[in-house]
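Each remark here refers to the structure printed beneath this line.
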Amino acid sequence: MIITGQGYLSVDVIGEQVWFDSAVKRIPLVRRGEPVTKTYCVFWKKDNSGYYIEEFAEMLKEEFA
């Protein structure tokens, strides 16, 4: 339905994406003139923490902050 112009697909994008298919038109999603944003949260059990979990959490923080 997207290709025929009869539907849409909401896509989360981080950074600039390159599209190779010119049949798909991308439009920004806005509300009252402002971009619509989504809040992401990451959780893990307190007793399941360790080096790799902490490093991964730091990587996420740097990427999304």
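The values are calculated or read from the model by the stated rules, or taken from the named source; none is laboratory data. Small disclaimer: the values here were computed from a predicted structure and weren't measured. As a convention, Cβ positions derive from the backbone with ideal geometry for all residues, glycine included, and neighbour counts pool all protein chains shown.
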Handout entry: Of all residues in the stretch 1-42 being of a type in the set (Lys, Arg) and modelled with pLDDT under 80, the one that is farthest from the chain's Cα centre (by Cα)
Key = 25
Exercise for the section: Just give me the residues in the stretch 45-63 being modelled with pLDDT under 85 and within 21 Å of the chain's Cα centre (by Cα), in sequence order. Expected result: 63
Fill in the blank from the handout: Scanning the stretch 27-63 residue by residue, the ones that are under 26 Å from residue 8 (Cα atoms), of a type outside the set (Lys, Arg) and in contact (Cβ under 8 Å) with a residue 12 or more places away in the chain total 2
